[in-house]
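Worksheet for the structure shown next.
Every read-out reported here was derived from the displayed coordinates using simple, explicitly stated rules and does not represent laboratory data. Everything numeric here is computed off the predicted structure, so don't read it as measured data. Glycine also receives a Cβ, built like all others from the backbone with ideal geometry; neighbour counts cover every protein chain displayed.
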Amino acid sequence: MSGPPDRRLFAEPPARDPRFLVKEVWVEMDNLAEEDTGLNDEFLHRQMNEELNGLEIAARNLVDFPDADWELRMAIARQCWDEARHVAAFRRCYEARGGRIGAHPILNFQYRILTAIDTLIGRLAVQNRSFEAAGIDGIQEGIATARRQGEMDLVELLEAQLADEVQHVRYANDWLKRLTEAGGARAAFDLARAVAHANEAMQVVSGGATVRYPVAESLRREAGFSEGEIQAVKGFPPRV
Ligand SMILES: [Fe+2]
Ligand SMILES: [Fe+2]
């Protein structure tokens, strides 16, 4: 990345030990071709770190918003537990294939964008309702690929992860409605401001490149999205 990241959009990075090579934008990653035999390994390493970002963001939500409703804090704490299991599961699959921690660069944009958002409603909207909902679409696609390739340990991992991620999106959808009803125009404004912030920051990270998977309609329905919201996501630009 040329120059330091914009501090208005990106907060301090999470700690990583010296094994990790931390990059800032998508183009600096090991973006291997579809037919490259190392593609799967790189994905497992990258995903392991993204799960760690998910854990760190949820943990920061507990620390930064101590006055949130207890029931919501419990849902966030359960998410921490789930994400910690996901990190360990991806590490297991990666190392079982001979992978070495730190063999590929990592990105911590999720943590940096999310912790620059100063409201819990905004963080739930961006992390759970946006990033993780997109993750549901990607995991569904990943399960089909892993099954085709006969990688049954990966199929098992992704199916277990998928069930958890649907729950993370569902509790956020539920709480976003409750917080918006309780907080009125101010809450709606905070939510919209956070989504605009994330969109701007993601442009910096992706450099305009977007990877989109077929929208997992029935899973999104299960996760609490309305028909209108599902159709709106489907109307986004096609995968590149
Ligand atoms: Fe996860
Ligand atoms: Fe999650």
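Computed with the Debye formula from one identical point scatterer per Cα of the chain, without solvent, the log10 of I(q)/I(0) at q = 0.10 Å⁻¹ comes to -0.46.
Taking a ≥ b ≥ c as the square roots of the Cα gyration tensor eigenvalues, segment 1-131 comes out oblate, since a/c reaches at least 1.5 and a/b does not exceed b/c. Taking amide hydrogens as placed 1.01 Å from N in the peptide plane, the amide H of ALA68 sits under 5 Å from that of no residue at least 5 positions away in sequence or on another chain. Taking the helices alone, the chain has a mean residue ellipticity at 222 nm of -21000 deg cm²/dmol, built from -39,500 (n - 2.57) per DSSP H run of at least 4 residues and averaged over all its residues. Among 203-209, 58-64, sorting by the average number of other beta carbon atoms lying within 10 angstrom of each residue, highest first, gives 58-64, 203-209. Using a Gaussian network model of the chain whose springs link C-alpha atoms within less than 10 Å, name the residue from THR145, THR37, THR180 with the highest mean-square fluctuation. Residue with maximal mean-square fluctuation among THR145, THR37, THR180: THR37.
Only one residue of LEU154, SER218, ALA144 has its Cα farthest out toward the positive end of the dipole of the chain, where Lys and Arg carry +1 and Asp and Glu -1 on Cβ, and that residue is SER218. With contacts taken as Cα pairs under 8 Å at a separation of at least 6 residues, the chain carries a relative contact order of 26 percent. I'd like the distance separating the alpha-carbon centroids of segment 1-48 and segment 128-206, in whole Å. About 19 Å separates the Cα centre of segment 1-48 from the one of segment 128-206.
The charge dipole of the chain, taken about its Cα centre with unit charges on the Cβ atoms of Lys, Arg (+1), Asp and Glu (-1) only, comes to about 340 debye.
Dipole check for segment 73-146: with +1 at the C-beta of Lys and Arg, -1 at the C-beta of Asp and Glu, and the Cα centre as origin, the magnitude is about 260 Debye.
Short-range pairs are left out: with C-alpha atoms under 8 Å and at least six residues apart, the relative contact order of segment 95-207 is 38 percent.
Taking the Cα centre of segment 1-106 as origin and assigning +1 to Lys and Arg Cβ atoms and -1 to Asp and Glu Cβ atoms, the resulting dipole is close to 360 debye. Put simply, when 153-166, 43-56 are sorted by average Cβ atoms within 10 angstrom per residue, most first, you get 43-56, 153-166. Between amide H atoms placed 1.01 Å from N, distances below 5 Å from ASN108 occur with LYS23, all of them 5 or more places distant or on a separate chain. Annotation: peptides 65-74, 187-196, ranked by per-residue average of other Cβ atoms within 10 Å with the highest first, follow the order 187-196, 65-74.
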